[in-house]
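Report on one structure; see the data block that follows.
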Amino acid sequence: MKTNYKIFVPLLVGILLFASCTDMLDKQPYGQFSTAQMDSTSVNGLMASAYAGLEGHFFGNNESFSGPVSNWVFDLRSDDAYKGGGGVTMEAYMTQMELGNVTSDNDICLNKWRNNFYGIARVNQTIRTLNALQPSNLNELIGELRLIRGHFYFDLNRIFQKIPYLDENTDAGKAKAGELSRDQIYDKIYEDFKSGFDNIAATQSQPGRLNKYAAAAYLCKLSIERAKYSEAITWADQVIGSGKYQLYTNFLDMSKLEFENKKEAVFAIQFSTDNNNAHINWGNLLNTTYTDGNFFGNGDDFYIGSQNLVNAFRTDANGLPYLDDFNSVKVESNYAGNLDPRLDFTLERTGLPFRGHVVTAAWSRDFATYGDHSNKKGMIDPSSADMVKGFPWGASGLNFNLIRYSEVLLWKAEALIETGGDANLEAARLLINQVRAKAKRSIDKFYTPLDIDVTKVNYKVEEYPTGWTQVYARKALRMERRIELAMEGHRWFDLVRWGVATDVVNTYYNQEKGLRPWMESANLSTAAIYLPVPKSEVENSGGLYE
């Protein structure tokens, strides 16, 4: 059983919830203890409650499914994933996301907004209470809380057209959506992340507590988002130079409980099976593969890798990706060319192993509509004693790595490439090759549980040779991000920050129409990139939101 901060969570976790969505930003929510009722023994509970907000599971399961911390629902807006499930009409609001036509009454709009602002409200209330209590380690605790708050706002600022900004001193009854520009909110987020870096310890005694290098990694991510490349390099070097992180030996390690909070885990959302499975990753439960034989429970089989994504894992005779024409050949069961092994660590394919069990067509809930490419990354070995038995879905205590070390290396590589110069391009090549070397050493048929089969597939992945141009390096970096981080909720946001979302997604739609008839009307406009304020929030805001 995993041990983390949840073990000392008292009743405060429940007490710090809010009465309803309409008053969730109130400075004195109903059902809470007041500051006067707190004392120094409450500090651990307050911190645990703030951390638990990262789970995105507050009042019910549907809120977690449609507003998940992993952001898998936003991959549906990209060229990486299909909705999955029992057909296009099931959870139709997700199909709406998939087709590029998102209205303000969409459940994802509402629940992503609500879950993040619940988390922010918890953090702000905890900051106010700690400021009143004045514990001896106040600055460090506030640093952790501000890092968590910065995470929630970073998420919101990339998703919505306009958001209100509320810190611990804001009157929620006066904060308007859009009062601060997107860039001004990023300035606020920078201040929160910097507070985390300046005040949090380099090493935490409790697994799951954020350290200063998690803050540095998020500062790097923020710098990349804002195209501040010299800053991104500085922050990446803080993480790399700490010596605390390293790439996994094998790609499958990210799906093993024994590697949680180790190696690549820079910023990990903590999940566990404690308290009768109250803290499992509810947001990803719908994504459990269907499985013939019920290995993972009654999977709903949402979040299916697109054919376009599968084709991106092709490699040439030199073991390098097809950067320009990867989608010209369809990878199916009879494909005889070379493949990057990360494909079969990431997505299920009929006839190949999935945690030691051979996938059949019966593993796909709706094979005719979506195919057989369920996401593997969130699933542990179903034979493990840590797999929840008798549960409707394939549940475990597996953490979700919001930031992996491999991504830090790729952020630095991206910053070097965009800065330009032969020395920078060469340094970027070496960083990308570190990530590719991990993929290469993962081709081991004796690694258990079995997820690739070298007797059936020609796996070949090699490192890039010298002699890059900036144009080629940029293509290589972007492809490496796609195949290394596939099905981890990053692709849509990458396309947006690179300024290519409409071009890439509409090209994808045009290519997919022959395969997926429901995409016939799909179209992504520039105006639809950011989501509107949820309809119900506008109606309940008293004119603060439009």
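Values in this text are rule-based calculations from the coordinates and carry no lab data. None of the values given here were measured: they were computed from a predicted structure. Cβ: placed from backbone, ideal geometry, glycine included. Neighbour counts: every protein chain shown.
With R₀ set to 41 Å, the beta-carbon distance separating Arg182 from Lys244 gives a calculated FRET efficiency near 0.80.
Distant-in-sequence amide contacts of Thr315, defined by a placed amide H-H separation under 5 Å and a gap of 5 or more residues or a different chain, comprise Asn338, Leu339, Asp340. Using the Karplus relation 6.51 cos²θ - 1.76 cosθ + 1.60 with θ = phi - 60°, the per-residue 3J(HN,Hα) values for region 442-454 come to 7, 7, 9, 5, 8, 6, 10, x, 6, 10, 10, 9, 6 Hz, with x marking Gly and Pro. Taking the average, over residues, of other Cβ atoms within 10 Å as the packing measure, peptides 433-439, 392-398, 286-292 rank 286-292, 392-398, 433-439 from highest down. Across the alpha-carbon set of the chain, the Rg to Rh ratio works out to 0.95, Rh being the Kirkwood radius.
Taking amide H atoms as placed 1.01 Å from N in the peptide plane, the amide H of Leu347 lies under 5 Å from those of Lys376, each 5 or more residues away in sequence or on another chain.
When each of the peptides 307-313, 536-542 is scored by the mean number of other C-beta atoms lying within 10 Å of its residues, the order from highest to lowest reads 307-313, 536-542. For region 176-272, the equivalent ellipsoid derived from the Cα gyration tensor has semi-axes of 27, 15, 14 Å, listed largest first. Name the residues of region 363-386 whose amide N is less than 13 Å from a point 7 angstrom out from the Cα of Asp292 along the C-beta direction? So the set is 363-365, 367. Ranking of Tyr165, Tyr118 by neighbouring Cβ atoms within 10 Å, starting from the fewest: Tyr165, Tyr118.
For region 336-351, the Karplus equation 6.51 cos²θ - 1.76 cosθ + 1.60, evaluated at θ = phi - 60°, returns couplings of 10, x, 7, 9, 6, x, 4, 4, 7, 8, 9, 10, 6, 9, 4, x Hz by residue, with Gly and Pro reported as x. Between Asp422 and Leu515, the contour length at 0.36 nm per residue exceeds the alpha carbon distance by 29.2 nm. Ordered by the number of other Cβ atoms lying within 10 Å of each residue's own Cβ, fewest first, Met90, Met379, Met519 fall into the sequence Met90, Met519, Met379. Averaging the sequence gap over all C-alpha pairs within less than 8 Å and six or more residues apart, then dividing by the number of residues, gives region 159-285 a relative contact order of 15 percent. Taking 0.36 nm per residue of separation and subtracting the current Cα-Cα distance, fully stretching the chain between Thr234 and Thr507 would add 94.7 nm.
With distances taken between every two different alpha-carbon atoms, region 447-517 has a Kirkwood hydrodynamic radius of 15.3 Å.
Can you work out the base-10 log of I(q)/I(0) for region 302-439 at q = 0.18 1/Å, using the Debye formula on its C-alpha atoms alone? Once normalised to I(0) and log-transformed, intensities are -1.18.
Sorting Lys389, Lys83 from the fewest to the most surrounding beta carbons within 10 angstrom yields Lys389, Lys83. Take the Cα of Asn540, step 7 Å toward its Cβ, do the same at Ala278, and the gap between the two points is 2.3 nm.
Can you order the peptides 199-210, 474-485 by their average number of other Cβ atoms within 10 Å per residue, highest first?
Result, highest mean first: 474-485, 199-210.
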